[in-house]
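Undergrad: Let me give you the structure first, and then I'll get to my questions.
The values are calculated or read from the model by the stated rules, or taken from the named source; none is laboratory data. Note that the structure is a prediction, hence the values are computed from the model and not measured. Reconstructed Cβ throughout: ideal geometry from the backbone, glycine too, with neighbour counts over all protein chains shown.
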Amino acid sequence: MLDAFVNAFWILLDPFRLLMLFSGVAIGIAVGILPGLGGLMGMALVLPFLFGMDAYAGVALLIGIAAAVPSADTFPSVLMGIPGSSGSQATIMDGYPMARRGEAARALGAAFTASLIGGLIGALALSAVVPFARPLILAFGSPELFMLTLLGLSIIGVLSGNRPLKGMLAAVAGLAIGTVGGAPVAAEYRFAGDFLYLYDGLSLVIVALGLFALPEIVDLLARGGAIAERARGLGHGWMDGVRDTLRHKWLVIRHSVIGVVIGAIPGMGSSIIDWVNYGIVAQTSKDRSRFGKGDVRGVIAPESANNAKEGGVLMPTLLFGVPGSSAMAMLLGALMIFGVQPGPQMLTRDLDLVFVIIWSLALANVFGTFICLLLSRPIARLTFVPFHYIAPVIIVIVIVGAWQETRHWADLAFLLGFGLLGWLMKRSGMPRPPLLIGFILSGLAERYLWMSYNLYDWEWLTRPGVLTIGALAVALIVASVRLKRNTSQRAEAIQAAERPEIDKESRP
Amino acid sequence: MKARLIGIFTRHLQTPFVLFVLVGLVAVLTISQSFSLGARLFPTVVAALGILLALLELGRQWLRRGAREASDYTDLGDEDDSPLFFAKGLLFFAWMLAFVVLFLGIGALPAAGLFVLALLKLQFRSPWLPSLGLAAGIVILLWGLGKVLQLRWPAPWLGF
């Protein structure tokens, strides 16, 4: 195990892989700073260019994006009071008031340092879990793995939107879309008719780009204007922010651990983690009077948790093949592109790759923090570029990327079709992540179900492991729904109390 | 009239959407019955479960008819669901469709340059200099990416 850990570090030190990691961090920063875009879209954008790359370089690129977004999304939260992504909403509560006082640099310095430490704790927690989880996971049979897949999918479905039923329905629709093409366990083509293009099934690249890239671009173009009309200067006090975080080291460690634990529950989402941590720090601090008015602890707690959660969401993803978040579903899809079968086999056959992912996560956090600290002024200026200058470039890259998939006109037709579907889902309040995750997990779930049925008929449903996971699923769903509901209510209450003041200040 | 229709469509989009999914799942269930057991088992289980969920969701919507639904929790930002916003969104999809037609019709690099220039000039009334600069920049970027990543471009339908 230790050999694989050290070996993975040397694998990642290859110049091309480091370059890919660095490129991922740069893309993650660019999409993190532009509200409305996010890690999911960033990952979707690079998926078409992974073909031909080695798996280590590919995962380094994707992890670079996933790890950098939680750091970069702090810029718009602090400077403009607009969340850069769903994981930086709570940072606004104290980060923006600090910027209003001319302490933006201090808030950003504290946030980036907390993000760095949180990210490293997340990577450490993940690497510590692998040796202990391996024997347990390898004892699972196909029925238990099928139940775990369903467990992950149902939790994500229940938690992804405002309505559990809609989320579950979207997940099931994703599973159904995944059945198009050749059946994995029988020599038969399904729902493809005579259309040869569909014999291989729909491509992850097309579905992901359509569902997550096009709707975001269309909405931002339809809204028009620059991302920020004006923003305050960064001011001074970077080192004060760094010192603030180091002074509150126990706070950073506590919230990083909370971030890892909640992140490990599939579907909990960054916004819940963000608000839970803000709520905890505001509730448990002795002096609560300054929260919401620019208390640096209100920046440090959610930011450390937000980056640490990446280690958490990778746990179910790497150990069970159950994506901890939509971005991790994209990572699983990418692993399949490289011919890696996600799930317990990864811990035997591809242990090097697991540790490369962990090292990438750690290094990406370091790179991301340093880039954000050193290039903060030009990065902050990105927010003033009108979106109509950015959008055409993204549209062209999306369409060119989709074309590289099979170079068939149907790639582009399905891209636009899924784009429209994703946009209508967004407009009608249907959550899109469960659909994508259902689509990605469809093949895996079908194989597990068929193996379970073939080996045990329907009696697999009565196996103790299956019943235990089923009971766990119910308990986890109930507890998660409660946590999410309470968090949402608390977040709304906090925002309702603070928002008028922030809005008033934002007005030119 | 058109705006009103779009307004009605946007507000009540969730019910047609669930119906659309329901019809799709019924089709999956029906068609899959002609497959062998290995190919049929999973689509049957998934479609049956999905139909049950779709019916439950339709029932929920019926019980809560008239109440406004909040948007996707994971989606940030605008809650704008005005007819104008909806129409603008469809317009940008039309722009993308036009780019796809150009892409297949005249080839990737000229299509990209032309699309960027047309979108900036016609849709956003952007000044010539940044529009031409961005259009040239995207062509150079694609050309460079094509060389580095050995990307393949479509053979233009129009043959040049």
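Undergrad: Within segment A:189-210, restricting attention to residues that are out of contact with any Gly (no Cβ under 8 Å at 6 or more places or on another chain) and assigned to a helix (DSSP H, G or I), which residue is farthest from the other protein chains (Cβ to nearest Cβ)?
TA: A:LEU196
Undergrad: Would you be able to tell me the number of residues in segment A:405-427 that are crowded, with 22+ Cβ neighbours inside 10 Å and either among the aliphatic types (A, V, I, L, M) or facing chain B (nearest Cβ under 9 Å) (or both)?
TA: 8
Undergrad: What number of residues within segment B:117-160 satisfy the criterion of being assigned to a loop (DSSP other than H, G, I, E, B), touching a helix residue (DSSP H, G or I) at 6+ places or on another chain (Cβ under 9 Å) and at the interface with another protein chain (Cβ under 9 Å from one of its Cβ atoms)?
TA: Counting residues in segment B:117-160 that are assigned to a loop (DSSP other than H, G, I, E, B), touching a helix residue (DSSP H, G or I) at 6+ places or on another chain (Cβ under 9 Å) and at the interface with another protein chain (Cβ under 9 Å from one of its Cβ atoms) gives 6.
Undergrad: Within segment A:74-91, can one find any residue that is over 15 Å from A:ASP295 (Cα atoms), assigned to a helix (DSSP H, G or I) and aliphatic (A, V, I, L, M)?
TA: So far as segment A:74-91 goes, yes, one or more of its residues are over 15 Å from A:ASP295 (Cα atoms), assigned to a helix (DSSP H, G or I) and aliphatic (A, V, I, L, M).
Undergrad: Report yes if some residue within segment A:249-261 is modelled with pLDDT under 80 and part of a helix (DSSP H, G or I); otherwise report no.
TA: No, the conditions are met nowhere in segment A:249-261.
Undergrad: Looking at B:PHE99, B:PHE86, B:PHE103 in this structure, which one is part of a helix (DSSP H, G or I), aromatic (Phe, Trp, Tyr), more than 27 Å from B:TRP153 (Cβ to Cβ) and within 9 Å of chain A (Cβ to nearest Cβ)?
TA: Just a single option satisfies the conditions, and that option is B:PHE86.
Undergrad: All but one of (1) without any contact (Cβ under 8 Å) to a residue 12 or more places away in the chain; (2) among the basic types (Lys, Arg); (3) touching a Phe, Trp or Tyr at 6+ places or on another chain (Cβ under 8 Å) hold for A:ARG297; which doesn't?
TA: Condition (1) is where A:ARG297 drops out.
Undergrad: Quick check: anything in segment B:46-54 surrounded by fewer than 17 Cβ atoms within 10 Å (Cβ to Cβ), more than 7 Å from every other protein chain (Cβ to nearest Cβ) and at pLDDT 90 or above?
TA: yes
Undergrad: Output the residues belonging to segment A:429-460 that are at pLDDT below 85, surrounded by fewer than 24 Cβ atoms within 10 Å (Cβ to Cβ) and closer than 13 Å to A:LEU148 by Cα.
TA: A:LEU444
Undergrad: Considering (1) at negative phi; (2) modelled with pLDDT under 90; (3) more than 9 Å from chain A (Cβ to nearest Cβ), say which one B:LEU114 fails and leave the rest.
TA: (2)
Undergrad: A follow-up question, please. Inspect all residues belonging to segment A:57-70 and state whether any of them is touching a residue at least 12 places away in the same chain (Cβ under 8 Å), not in a helix (DSSP H, G or I) and not polar (S, T, N, Q).
TA: No, segment A:57-70 contains no residue that is touching a residue at least 12 places away in the same chain (Cβ under 8 Å), not in a helix (DSSP H, G or I) and not polar (S, T, N, Q).
Undergrad: I'm trying to understand the selection: among the residues of segment A:82-136, which are under 18 Å from the mean Cα position of the chain (by Cα) and within 14 Å of chain B (Cβ to nearest Cβ)?
TA: A:PRO83, A:GLY84, A:SER85, A:SER86, A:GLY87, A:SER88, A:GLN89, A:ALA90, A:THR91
Undergrad: Pick from segment A:156-188 the residues that are small (Gly, Ala, Ser) and at the interface with another protein chain (Cβ under 7 Å from one of its Cβ atoms): which of them is farthest from the chain's Cα centre (by Cα)?
TA: Within segment A:156-188, the match that is farthest from the chain's Cα centre (by Cα) is A:ALA186.
Undergrad: Which of the residues belonging to segment A:336-395 are free of Cβ contacts under 8 Å to residues at least 24 places away in the same chain, more than 22 Å from the chain's Cα centre (by Cα) and assigned to a helix (DSSP H, G or I)?
TA: Correct list: A:ARG349, A:LEU374, A:PRO378, A:ARG381, A:TYR389, A:PRO392, A:VAL393.
Undergrad: Out of curiosity, is A:PRO392 within 11 Å of another protein chain (Cβ to nearest Cβ) and closer than 26 Å to A:ALA308 by Cβ?
TA: Numbers: within 11 Å of another protein chain (Cβ to nearest Cβ): yes; closer than 26 Å to A:ALA308 by Cβ: no.
So A:PRO392 does not fit the description; no.
Undergrad: Would you please name the residue that is modelled with the lowest pLDDT, looking only at residues in segment B:1-37 that are among the charged types (D, E, K, R) and more than 19 Å from the chain's Cα centre (by Cα)?
TA: This residue is B:LYS2.
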